[in-house]
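So the structure is just underneath, and the comments pick up after that.
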Amino acid sequence: MRSIRSKFLIFIFAILSVLLLLLNTYPIITSRDAVFEEKRNSLAGQVSVVSSALGGLDRLSPDGVRDVLHFLELENYSRIVVIDDNGGLIYDDGIGEPELADLHQALLGKEIFRSIFTNRCFSSSVVAPIGTQGGILGAVALYENDTERADIILEIQHQVRILSIAISIVALILALVFSWIVLRRLEYLTNSMQIVASGDYSWRHTVTGNDELSELGKEFNALTERLETNEEQRRRFVSDASHELKTPIASIRLLSDSILQTADMEENMMREFVSDIRSESERLQRTTEKLLDLSRLDDSIQVIPEPVDLKQITLDAIPGLLPLSREKDIQLDTDLEDGCVIMANAEDMSHVVFNLTENAIKYNVPGGKVMIRLSQDSETVRLSVEDTGIGIPEEDRYNVFTRFYRVDKARSRASGGSGLGLSIVHDAVLAHGGMIQVGSNHPCGTVFVVSFPRPSSEETGI
Ligand SMILES: Nc1ncnc2c1ncn2[C@@H]1O[C@H](COP(=O)(O)OP(=O)(O)OP(=O)(O)O)[C@@H](O)[C@H]1O
Ligand SMILES: [Mg+2]
């Protein structure tokens with residue numbers, strides 16, 4: 001946490017430094033350059049006036065030069081130096097030795113401008129040749145010190161510095177407040193995660209605001225809710241499964257104890273007890289087989305799908321269901337379209353057809369009917385199992401796919417049902433990208449409709 005805060009503050013600090021550096025240099029440099037430019041123009045104008053006035057003289061003499069300069073009223077200049085064409089000093093109104101190098105350059109016809117900004121002053125100079133049409137008479141240098149403009153620039157610099165300090169303080173306070181608010185919310189989210197990680201799935205994170213962190217909080221709550229549902233389902237499944245297994249085991253134990261404890265049991269009674277033991281152990285076997293099927297479907301390791309012809313699967317399943325339909329006096333009909341091929345696992349599809357048809361027969365009335373239909377259109381392959389049986393009340397339809405759920409517990413148990421068949425069907429259909437719907441049949445009974453996306457001919461290779 002602390003590291004995010006310091007990273008954030010370093011980032012703000014870096015941006016701020018760059019901004020302040022620009023603020024403190026760019027305006028000063030541009031205004032200084034503007035002053036240099038202005039000086040160059042004004043000095044160039046002045047020096048051309050001076051040099052043409054001096055050029056009017058026949059010859060450069062100290063008195064002649066002084067008179068001309070006096071006449072021109074050049075009061076702005078700190079120093080004026082004039083040399084003749086031999087480099088001899090004609091006029092100098094300054095103190096100390098004059099710098100003659102630029103003046104000597106001017107004798108070659110060059111005009112030289114210099115300006116520097118030091119010691120709170122713009123010191124500028126311009127040197128130009130004094131020329132007549134016949135040739136160069138000499139050279140003149142004008143020197144100027146401007147503290148007025150320098151003061152303005154220094155004042156700007158001072159103001160910008162004060163502004164920079166104010167901006168830095170405000171930005172740092174804002175950055176600290178912002179990082180504190182964000183970090184407090186992150187800490188709260190981490191705290192919520194720790195609570196949920198410790199096993200309290202009922203905890204919900206209080207979401208405030210409408211930003212990315214709130215979005216994260218909402219996602220976290222959705223995740224926790226899913227975890228809670230999964231945990232609840234797992235708990236219910238374990239308790240249901242142990243209950244389902246406990247009941248036949250207890251019956252077997254009771255029946256075998258009775259046989260062992262009854263000294264001279266009649267053979268008929270013993271046979272009856274043993275047959276009960278057998279049917280209980282059969283039920284135990286069926287339940288454990290179905291549990292294994294379910295756990296295989298739960299496994300993320302998917303069987304590689306192959307082209308499966310649902311008509312063939314249905315035709316193969318029917319012989320195994322005929323004894324039950326005969327026993328229950330149910331008429332089993334089919335209307336199966338050719339070429340209903342999907343990409344699936346054949347064993348899973350057999351379970352789907354078998355369980356749906358077995359239910360349609362089991363939960364039917366004597367003399368009832370079961371119809372298996374198979375059809376397809378351009379996008380979907382559809383399998384439906386219709387019966388004229390006892391039907392499923394509307395409020396139970398949503399739950400029939402839940403593991404161990406039975407509508408009529410007594411009836412289902414009496415017919416050996418474990419309440420797992422439809423869960424297997426549901427999981428197998430979903431694992432193959434299909435969907436299953438349940439509705440009522442007209443005028444009575446139930447319809448289960450399973451639909452799968454129709455694969456392309458490249459997929460099936462047909
Ligand atoms: N065609 C149907 N008509 C009426 N009720 C049905 C039908 N199919 C399923 N049911 C109801 O839904 C419940 C769940 O069915 P499911 O196939 O999952 O379990 P089961 O048949 O009881 O046991 P199992 O299939 O595991 O042997 C059944 O107990 C039954 O009450
Ligand atoms: Mg069933």
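Which members of region 103-152 meet the condition of being among the acidic types (D, E) and either in a strand (DSSP E or B) or crowded, with 20+ Cβ neighbours inside 10 Å (or both)?
Answer for region 103-152, where residues must be among the acidic types (D, E) and either in a strand (DSSP E or B) or crowded, with 20+ Cβ neighbours inside 10 Å (or both): E144, D146.
Name, by its number, the condition in (1) open to solvent by less than 40 Å² (accessible area, probe 1.4 Å); (2) farther than 28 Å from Q233 by Cβ; (3) within 16 Å of ligand 2 (Cβ to nearest atom) that does not hold for V341.
In the conditions (1) open to solvent by less than 40 Å² (accessible area, probe 1.4 Å); (2) farther than 28 Å from Q233 by Cβ; (3) within 16 Å of ligand 2 (Cβ to nearest atom), V341 misses (3) alone.
Considering only region 78-101, how many residues are open to solvent by 30 Å² or more (accessible area, probe 1.4 Å) and closer than 13 Å to V140 by Cβ?
8
Which condition does D396 not pass, out of (1) near ligand 1 (Cβ under 9 Å from one of its atoms); (2) part of a helix (DSSP H, G or I); (3) crowded, with 22+ Cβ neighbours inside 10 Å, if it passes all the others?
(3)
Which condition breaks for G434 when tested against (1) more than 16 Å from ligand 2 (Cβ to nearest atom); (2) open to solvent by 50 Å² or more (accessible area, probe 1.4 Å)?
The number of the failed condition is (2).
Inspect region 55-75 for any residue being touching a residue at least 24 places away in the same chain (Cβ under 8 Å), touching a Lys or Arg at 6+ places or on another chain (Cβ under 9 Å), over 28 Å from L154 (Cβ atoms) and surrounded by 12 or more Cβ atoms within 10 Å (Cβ to Cβ) and give the result as yes or no.
no
On the given criteria, is I313 farther than 30 Å from S239 by Cα, free of Cβ contacts under 8 Å to residues at least 60 places away in the same chain, away from ligand 1 (no atom under 12 Å from the Cβ) and surrounded by 18 or more Cβ atoms within 10 Å (Cβ to Cβ)?
Answer is yes for this residue.
With the requirement that a residue be of a type outside the set (S, T, Y) and open to solvent by less than 60 Å² (accessible area, probe 1.4 Å), what does region 153-174 give you?
Scanning region 153-174 gives I153, L154, Q157, V160, A166, A171.
Quick grid of which residues meet (1) within 15 Å of ligand 2 (Cβ to nearest atom); (2) under 44 Å from the mean Cα position of the chain (by Cα); (3) free of Cβ contacts under 8 Å to residues at least 40 places away in the same chain:
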| position | (1), (2), (3) |
| --- | --- |
| R373 | no, no, yes |
| Q376 | no, yes, no |
| S384 | no, yes, no |
| Y398 | no, yes, yes |
| F401 | yes, yes, yes |
| Y405 | yes, yes, yes |
| L422 | yes, yes, no |
| S451 | no, yes, no |
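What are the pairs, 6+ residues apart or on separate chains, where a residue within region 184-204 that is closer than 14 Å to N221 by Cα has its Cβ under 6 Å from a residue that is among the charged types (D, E, K, R) and open to solvent by 60 Å² or more (accessible area, probe 1.4 Å)?
Listed by first residue and then by second, the contacts come to Y201/E228.
Go through region 344-373 and count every residue that is crowded, with 18+ Cβ neighbours inside 10 Å, farther than 13 Å from A317 by Cα, more than 14 Å from ligand 1 (Cβ to nearest atom) and not hydrophobic (A, V, I, L, M, F, W, C).
1
Among (1) open to solvent by less than 20 Å² (accessible area, probe 1.4 Å); (2) more than 7 Å from ligand 1 (Cβ to nearest atom); (3) at negative phi, where does G389 come up short?
(2)
Hand me the list of strands (runs of 3 or more DSSP E) wholly inside region 273-361 holding 1 or more residues that are over 24 Å from S423 (Cβ atoms) and under 42 Å from the mean Cα position of the chain (by Cα).
Of the strands (runs of 3 or more DSSP E) lying wholly inside region 273-361, those with at least 1 residues that are over 24 Å from S423 (Cβ atoms) and under 42 Å from the mean Cα position of the chain (by Cα) span 306-309, 341-344.
Considering T388, T357, which residue is among the β-branched types (V, I, T) and within 12 Å of ligand 2 (Cβ to nearest atom)?
T357
Quick check: is even one residue across region 374-384 within 15 Å of ligand 1 (Cβ to nearest atom), open to solvent by less than 10 Å² (accessible area, probe 1.4 Å) and touching a Lys or Arg at 6+ places or on another chain (Cβ under 8 Å)?
yes
Going through S3, S31 one at a time, which residue ends up being in a helix (DSSP H, G or I), open to solvent by less than 90 Å² (accessible area, probe 1.4 Å) and either free of Cβ contacts under 8 Å to residues at least 24 places away in the same chain or closer than 23 Å to V140 by Cβ (or both)?
None of the others qualify; the one that does is S3.
State whether the residues of region 42-57 include one that is more than 30 Å from I167 (Cβ to Cβ) and either assigned to a loop (DSSP other than H, G, I, E, B) or touching a His at 6+ places or on another chain (Cβ under 6 Å) (or both).
Within region 42-57, one or more residues are more than 30 Å from I167 (Cβ to Cβ) and either assigned to a loop (DSSP other than H, G, I, E, B) or touching a His at 6+ places or on another chain (Cβ under 6 Å) (or both).
Using the structure shown, decide if V49 is more than 60 Å from the chain's Cα centre (by Cα), surrounded by 15 or more Cβ atoms within 10 Å (Cβ to Cβ) and among the β-branched types (V, I, T).
no
The values are calculated or read from the model by the stated rules, or taken from the named source; none is laboratory data. Given the structure is predicted, the values throughout are model-derived calculations rather than measurements. All Cβ positions, glycine included, derive from the backbone under ideal geometry; neighbour counts span all protein chains shown. These area figures cover heavy atoms from the full protein model, side chains too; ligands, DNA and RNA do not enter into them. Shrake-Rupley method; radii C 1.70, N 1.55, O 1.52, S 1.80 Å.
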